Amino acid sequence: MTRTRTTRLRRPLLAGTTAVAAMAVTAGLVAATAEPAKAATGPKLSLIAATNSLTLTSWKEDPGVYLDLGTYLTAEGRPLELKVTRTSYKDPVTITQTVYEGGKTKAKTLPKGTVKDFSGLPGFAEVTVTDKAGKKVLSRTEDFCPNNASGRVRPDAPATSKYPESCPTNPFTLGSVWGVEKGWAANTYAGSYTEPATLAPGTYTAKVSVAKKYRDLFGIANKPATVKVTVVERSYEDDEGAAGAPAARSAMAGEHAGHATAQQAPAAHAGHGPGHAPTPAEAAAPATSGAGPSYNVGHGPLKAAPPALPWALKKKQAARSMPVGDKGGQTDGSRKAPALQPLAKRPAGKPSVPDVPKPDLRSLPAYGIVVTDGERDIPGKDYLAFSANVWNAGPAQLVVDGFRSPGKAKMDAYQYFYDAKGKQVGYTPTGTMEWDPRPGHVHWHFTDFASYRLLKADKKEAVRSGKEAFCLANTDAIDYTVKNANWHPYNTDLATACGEENSISVREVLDVGSGDTYSQDLPGQSFDITDVPNGTYYIQVLANPEKRLKETSVDNNSALRKIVLGGKPDARTVTVPAHDLVNEN
């Protein structure tokens, strides 16, 4: 890897999810399938189109048409449920389908090579576009994440979907659950993972079909969906009403802006600022991903979104305080997880650590590793920037409450313990929380959650990161197949955690199955390698370094990632070998 001079680390996007507006799906479009006398072995899946025609916009300032055609995969009779796992990073990713025999669930192993990673089913949808004269102008395939933005297609369907809202793309994900709830439909559009199509203004016919191998695998009828498409070209600079126009460009991209804006942090929660928060001009997400200037800042990775809104337009909307999409804690507009509220006062009674399930903090190897100049082009300085994740393998949540004495600058932090029924049965002191007033932070940090060190080839410390205080949030789904994994964690961004300056108490939670990614890309947080000799090193991510938090085990708190430093002063390079089968470069 050659030296990379970037203003921000490239954080991976979660699965491209698109918005679901009110779908006018008639009884003739989707019909509920009565279950046979014997239990079905799987769901009945169908490809449908929410509309026969739609208009797509190509913006002069952001040319290209994103083919969100409003096609959906529906599940009837039973939900489509898939579990994607790997035993270790030395093992390939495998996938099983949950089927039903005699009223009981059974895992059916799908063929090897069905999936390559955790981002979705590769090449699921086949898309062709022909012009007015019948000439084929586009042919492509798109991957499908069953957890894409979804909604009910009939009124008697379950009120909420039990499945997660996205497919993870953290390179060190271990397990994921994908699903389309029965009576629901998931958008087949791959979002910002696809390139825009070059289509001149005019009328077209788009045909979307499911690839044959998936039709055979899941028993999907060969019934392609056809949509008439009108492409119009517009300029938001010349159009006074453009600020709202793109958001309503079609039936599929309106108030429910998928996952990117679904949890967009308000200005008061502008993230971790220096070292974490992407500025509008330095956004880690693609320019049309829908990720706003304050979205999920401080925690990577950014989540994908419908690319309907050009970046410049998003800046205009942010300036006008025009919210796009659902508020924090909400995804497709139909469900919102309950908030985790801190206790109103300090715990009473004697501290104790009862014999009940506890969290298990585990570190992932570092990734997104680049050499930078400290984000401000500091002459003669070289820094090693990286992303790091600590996750909770369970079987219990990590729950930490902070309590503030009047006039005190810090909060006293306590870890709480719960029995199998969710009843609080104990607590113990576990350090402090401190208020960070710096622009871009402006929230409470829990201290001593993790530490980062650059180790020499002999595993002795060479450089230590100054980052040791954290606002915990469930940014990444690392393994949703572990016991008690929560597929719908609440505090997934800074809008749902970390508190205010006048808070008397704060609750920070790391849910089972989820991890918290931080990107270290500023001096004091990244490693200063200016005077570090070339050679082999290891980035160590260490969870619970002072062992103050009570865990199931502390033997898995450290993870190492091998790197090789090279180059010359002020032009250093870093080579990142694959970690077993994981190679995100």
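The values are calculated or read from the model by the stated rules, or taken from the named source; none is laboratory data. Just so it is clear, the structure is predicted and the values come from calculations on it, not from any experiment. With ideal geometry, Cβ positions are generated from the backbone for all residues, glycine too; neighbour counts draw on all protein chains shown. To get the accessible areas, we keep the full protein, side chains included, count just its heavy atoms, and leave off ligands, DNA and RNA. Shrake-Rupley method; radii C 1.70, N 1.55, O 1.52, S 1.80 Å.
Here are some notes:
- Placing +1 on each Lys and Arg Cβ and -1 on each Asp and Glu Cβ, with no other charges, gives the stretch 52-155 a dipole about its Cα centre of roughly 400 debye.
- Solvent-accessible area, 1.4 Å probe, carbon plus sulfur percent, for the stretch 48-174: 48
- Hypothetical label at Thr203: residues of the stretch 123-154 whose amide nitrogen lies under 13 Å (7 Å Cα-Cβ projection): 131-134
- For the pair Ala221 and Lys90 in one chain, pulling the backbone fully straight at 0.36 nm per residue adds 43.5 nm over the alpha carbon distance.
- In loop segments of the stretch 506-585 as defined by DSSP, the trypsin sites (Lys or Arg not before Pro) with at most 12 further C-beta atoms inside 10 Å of their C-beta are Lys547.
- Total charge dipole magnitude, the stretch 171-232, about the Cα centre, Cβ charges on Lys, Arg, Asp, Glu only, Debye to nearest 20: 280
- Among residues other than Val390 with Cβ under 9 Å from its Cβ, the summed charge is 0 (Lys and Arg +1, Asp and Glu -1).
- Rolling a 1.4 Å probe over the heavy atoms of the protein chains gives the stretch 379-463 an accessible area of 39 Å² per residue.
- Out-of-range pairs (alpha-carbon distance over 26 Å; input Lys116/Lys136; Lys108/Lys182; Lys106/Lys213): Lys116/Lys136
- Overall form of the stretch 386-491 per C-alpha gyration tensor (a/c, 1.5; a/b vs b/c): oblate
- Backbone amide hydrogens, once placed in the peptide plane, bring Thr432 within less than 5 Å of Ala413, Thr447, excluding anything fewer than 5 places away on its chain.
- Per-residue ³J(HN,Hα) for the stretch 563-574, Karplus 6.51 cos²θ - 1.76 cosθ + 1.60, θ = phi - 60°, Hz, x for Gly and Pro: 9, 10, 8, x, x, 10, x, 6, 8, 6, 10, 9
- FRET E, pair Ala107, Asp570, Förster distance 51 Å, beta-carbon r, rounded to 0.05: 0.40
- Were the residues from Ser352 through Lys60 laid out at 0.36 nm apart, the gain over their Cα-Cα distance would be 98.8 nm.
- Label zone (Thr128, point 7 Å along Cα-to-C-beta; backbone nitrogen cut-off 15 Å) within the stretch 167-210: 205-210.
- Cut-off 12 Å between beta-carbons: net charge of the residues surrounding Thr173, Lys and Arg +1, Asp and Glu -1: -3
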